[in-house]
There are 2 protein chains.
Amino acid sequence: MDLQEAKYKFIQEWGVLGSSWGINRAMAQIHALLMLAPESKTTDEVMEELKISRGNANMNMRALIDWGLVFKEYKPGERKEYFYAEKDLWNVMKQIAKERRKREIVPIRDVLAEVSEAELGNTAEGKEFKKVTKDIDAIISKFDGFIDIAAKSDQNWFLKVLSKLIK
Amino acid sequence: MDLQEAKYKFIQEWGVLGSSWGINRAMAQIHALLMLAPESKTTDEVMEELKISRGNANMNMRALIDWGLVFKEYKPGERKEYFYAEKDLWNVMKQIAKERRKREIVPIRDVLAEVSEAELGNTAEGKEFKKVTKDIDAIISKFDGFIDIAAKSDQNWFLKVLSKLIK
DNA sequence: TTATAGTTTCAAAACTTTTTGAAAGTAAAA
DNA sequence: TTTTACTTTCAAAAAGTTTTGAAACTATAA
């Protein structure tokens with residue numbers, strides 16, 4: 001296997017992985033391509049290498065910038081915009097965790113807080129509802145706290161923690 | 001807010017959450033409905049409460065059984081099948097982690113192992129590729145190990161670990 | 001100012017996923 | 001055996017998502 005083939009394989013698989021995480025294929029593939037690139041790339045290079053349209057490339061690059069995973073760069077004397085990716089996977093994961101927290105954990109916790117105020121009555125159904133939602137809230141809030149701490153920590157802390165757990 | 005409203009809200013939000021985790025809306029909603037139910041439910045009850053078709057209900061219930069999140073039950077003297085959900089969120093999470101590990105972590109690790117064998121040459125691109133993929137593999141394998149341990153542990157262990165980290 | 005080189009937008013097309021519902025299948029009851 | 005009560009399947013329809021490409025926009029250069 002040569003570099004081109006390996007690169008292609010990795011980009012494809014990163015795209016598949018993205019899809020099952022609610023990130024669209026093009027977005028994940030652009031991210032993979034930029035992570036692997038030693039230099040920043042232009043929209044045209046991305047279009048060419050991934051065989052996607054200008055609109056698609058532009059939209060998804062903007063989404064990646066929005067997620068804080070890709071950055072723009074201007075080169076002196078050049079009119080084109082260049083793009084490069086955050087390569088430190090720890091930073092990538094922190095960024096993703098932060099975004100997903102905002103998009104997923106916050107809304108479900110809001111709903112859990114709302115329903116915890118509801119007048120549920122004393123039926124079996126009401127009791128079960130209270131019990132299940134309280135349980136869920138307990139675990140989700142622990143997770144939430146964990147993400148909060150992790151997002152403020154550096155990779156060494158995290159790796160140390162994981163190693164300790166695993167050993 | 002009364003029970004019906006609270007229940008409806010929670011089910012809706014669980015559906016939304018599911019979608020961003022690659023689990024389809026109906027599947028997540030059925031799961032929510034069954035988690036909240038003090039008693040097991042029939043296909044007809046699920047169809048009625050969620051306003052979905054028989055085929056949809058049947059397919060997604062089978063998928064949930066496949067994921068190990070829902071179980072069938074036969075009541076004596078009854079011909080209908082009853083369904084109930086795993087309610088302990090810790091078990092739910094372990095089950096989901098196991099499934100996703102199989103579907104996502106294993107394939108990406110396979111690809112990483114494959115490309116690590118590639119003849120990449122000594123170009124900047126080759127070196128960058130090696131560096132980035134090695135980094136990714138290091139973090140993913142730590143995660144993988146963590147999931148493995150977590151899946152064998154009970155909720156108390158996990159909560160204790162999290163608490164220690166967070167405090 | 002006008003031309004040029006680039007970026008952004010968005011409606012329509014292509015594609016993917018989910019849902020429906022009716023028909024086929026299964027097994028207990030009559 | 002036939003009927004009845006249920007479950008399963010799956011092709012087609014609906015819904016949702018992504019992608020395209022051309023037109024509109026922006027900003028620099030001539």
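The values are calculated or read from the model by the stated rules, or taken from the named source; none is laboratory data. Predicted model, so just to flag it, every value in this text is computed and none were measured. Glycine also receives a Cβ, built like all others from the backbone with ideal geometry; neighbour counts cover every protein chain displayed. The protein model used for the area step is the full one, side chains on, heavy atoms only, and it has no ligands, DNA or RNA in it. Shrake-Rupley method; radii C 1.70, N 1.55, O 1.52, S 1.80 Å.
Within region B:1-48, the residues that satisfy the criterion of being over 17 Å from the mean Cα position of the chain (by Cα) and within 17 Å of B:Val92 (Cβ to Cβ) are B:Phe10, B:Leu36, B:Ala37, B:Ser40.
Across region A:96-107, not a single residue is classified as over 25 Å from B:Leu17 (Cα atoms) and either touching a helix residue (DSSP H, G or I) at 6+ places or on another chain (Cβ under 6 Å) or away from DNA strand C (no atom under 16 Å from the Cβ) (or both).
Among the residues of region B:1-15, those that are closer than 13 Å to B:His31 by Cα and within 7 Å of chain A (Cβ to nearest Cβ) comprise B:Lys7, B:Phe10, B:Glu13. Every condition in (1) open to solvent by 60 Å² or more (accessible area, probe 1.4 Å); (2) more than 9 Å from DNA strand D (Cβ to nearest atom); (3) among the hydrophobic types (A, V, I, L, M, F, W, C) holds for A:Trp14 except the one numbered (1).
None of B:Ala32, B:Ala63, B:Ala28 is more than 26 Å from B:Gln4 (Cβ to Cβ), of a type in the set (Gly, Ala, Ser), touching a helix residue (DSSP H, G or I) at 6+ places or on another chain (Cβ under 9 Å) and within 14 Å of DNA strand C (Cβ to nearest atom) except B:Ala63.
Assess whether A:Asn156 counts as being open to solvent by 30 Å² or more (accessible area, probe 1.4 Å), not assigned by TED's automatic domain parsing to the domain that holds A:Met35 and not in a helix (DSSP H, G or I).
No: the conditions fail for A:Asn156.
Filtering region A:107-133 to residues that are among the small types (Gly, Ala, Ser) and in contact with a strand residue (DSSP E or B) (Cβ under 8 Å, 6 or more places away or on another chain) leaves A:Ala118, A:Gly121.
For (1) out of contact with any helix residue (DSSP H, G or I) (no Cβ under 7 Å at 6 or more places or on another chain); (2) in contact (Cβ under 8 Å) with a residue 60 or more places away in the chain, each residue gets a yes or a no:
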residue	(1), (2)
B:Lys127	yes, no
B:Val132	no, no
B:Ile147	no, no
B:Asp154	yes, yes
B:Phe158	no, yes
B:Lys164	yes, no
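Residue-by-condition table, conditions (1) more than 13 Å from DNA strand C (Cβ to nearest atom); (2) free of Cβ contacts under 8 Å to residues at least 40 places away in the same chain:
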residue: A:Phe10; (1), (2): yes, yes
residue: A:Ala37; (1), (2): yes, no
residue: A:Met47; (1), (2): no, yes
residue: A:Lys51; (1), (2): no, yes
residue: A:Asn58; (1), (2): no, yes
residue: A:Gly77; (1), (2): no, yes
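Only one of the numbered conditions (1) more than 10 Å from DNA strand D (Cβ to nearest atom); (2) within 24 Å of B:Lys98 (Cβ to Cβ); (3) surrounded by 13 or more Cβ atoms within 10 Å (Cβ to Cβ); (4) more than 12 Å from chain A (Cβ to nearest Cβ) is not met by B:Gly22, and that is (4).
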